[in-house]
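Chemist: Sending over a structure as structure tokens; questions will come in a sec.
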Amino acid sequence: MNLILMGSPGVGKGTQSKRLSTMLGIPTISSGDMFREIRRQDTPLAHKVRGYMDRGEYVPDDLTIKMILDRLDEPDACDGFILDGFPRTVPQAKALDEALGKEGRHIDHVVLLQAPQDVVLKRLAGRSTCSKCGRVYNHDSNPPVEPEICDVCGSKLEQRSDEAPDVQRHRLAVFARQTEPVLAHYKASGRLEIVDACPPVDDVTEELAKMLKGVAPA
Ligand code: AMP
């Protein structure tokens, strides 16, 4: 199954895509995680990517499209994938359709996780990320056992540099400006399915599993 999971920053895409990935046995391909990996390096590209991310801006399409299309050609993505955070612009969506079409592949589901802005801002404010393994926690819905320490690897939790309150608001505005036209693109071709992201995490997973039919929550 080839799936796109869409939604604004803070809506829970990362958490849900990792859960679906386990259930379906297919990889999650997260453009945000890939860029976070790149930005850790000491290269001119890392410096450039860091600049866009810290301002809450999108990385340019040419770079993003190439990174994702290359990743989709790797063997583990040939039997299915979940795209988390891509496409985010209309040129990205078109490039994806075109590249998959050339290989006789297609997207089976485009799912939008949807929640009002006050809910996503609250979730973003309570979010902290492990500085080492990248696991995401939330003060309200998914706190670590020991405050500010990762349950998995014991490293310190931190707030992402692109999650300062003013950057968060900017990221939501960028989403509205650049990504809502992508939603319209999929809606126009009757491919957009919407799931309410407000309920507790497990309920949202259950709803997604129902939508993808035959997939049992773990
Ligand atoms: P995310 O973790 O998905 O919210 O992504 C974090 C940041 O990575 C975004 O704010 C952008 O700077 C960059 N990014 C991730 N995916 C894309 C994309 N599809 N197009 C452009 N920039 C992206």
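Chemist: Checking the conditions here, which among V195, V152 is within 18 Å of G12 (Cα to Cα), more than 16 Å from the ligand (Cβ to nearest atom) and either outside any helix (DSSP H, G or I) or without any contact (Cβ under 8 Å) to a residue 60 or more places away in the chain (or both)?
Modeler: V195
Chemist: Right, next: Quick check on my filter: what residues within region 119-133 are touching an Asp or Glu at 6+ places or on another chain (Cβ under 7 Å) and either hydrophobic (A, V, I, L, M, F, W, C) or part of a loop (DSSP other than H, G, I, E, B) (or both)?
Modeler: Those that are touching an Asp or Glu at 6+ places or on another chain (Cβ under 7 Å) and either hydrophobic (A, V, I, L, M, F, W, C) or part of a loop (DSSP other than H, G, I, E, B) (or both): L124, G126, S131.
Chemist: Given Y52, Y58, which one is within 13 Å of the ligand (Cβ to nearest atom), surrounded by fewer than 18 Cβ atoms within 10 Å (Cβ to Cβ) and closer than 23 Å to A176 by Cβ?
Modeler: Residue meeting the stated conditions: Y52.
Chemist: Then there's this: When you scan region 155-192, how many residues do you find that are assigned to a strand (DSSP E or B) and within 14 Å of the ligand (Cβ to nearest atom)?
Modeler: Residues that pass the stated criteria total 0.
Chemist: Please verify whether V111 is in contact (Cβ under 8 Å) with a residue 40 or more places away in the chain, part of a strand (DSSP E or B) and under 28 Å from L3 (Cα atoms), treating the condition exactly as stated.
Modeler: yes
Chemist: Return yes or no: is A95 small (G, A, S), assigned to a helix (DSSP H, G or I), surrounded by 18 or more Cβ atoms within 10 Å (Cβ to Cβ) and over 16 Å from the mean Cα position of the chain (by Cα)?
Modeler: Considered against the rule, which asks whether it is small (G, A, S), assigned to a helix (DSSP H, G or I), surrounded by 18 or more Cβ atoms within 10 Å (Cβ to Cβ) and over 16 Å from the mean Cα position of the chain (by Cα), A95 comes out as yes.
Chemist: Using the structure shown, decide if G32 is at positive phi and either over 12 Å from the mean Cα position of the chain (by Cα) or modelled with pLDDT under 95 (or both).
Modeler: no
Chemist: Something else: Would region 62-84 turn up any residue that is polar (S, T, N, Q), free of Cβ contacts under 8 Å to residues at least 60 places away in the same chain and within 19 Å of L5 (Cα to Cα)?
Modeler: Yes, the conditions are met somewhere in region 62-84.
Chemist: Hey, V182 hits all of (1) among the aliphatic types (A, V, I, L, M); (2) in contact with a helix residue (DSSP H, G or I) (Cβ under 7 Å, 6 or more places away or on another chain); (3) closer than 26 Å to D140 by Cα but one; which does it fall short on?
Modeler: Condition not satisfied by V182: (3).
Chemist: Same structure, new question: Of everything in region 16-49, what is hydroxyl-bearing (S, T, Y) and within 13 Å of the ligand (Cβ to nearest atom)? Give them in sequence order.
Modeler: S17, T28, S30, S31
The values are calculated or read from the model by the stated rules, or taken from the named source; none is laboratory data. Note that this is a predicted model, so its numbers are computed, not measured. Backbone-built Cβ (ideal geometry, glycine too); neighbour counts: all protein chains shown.
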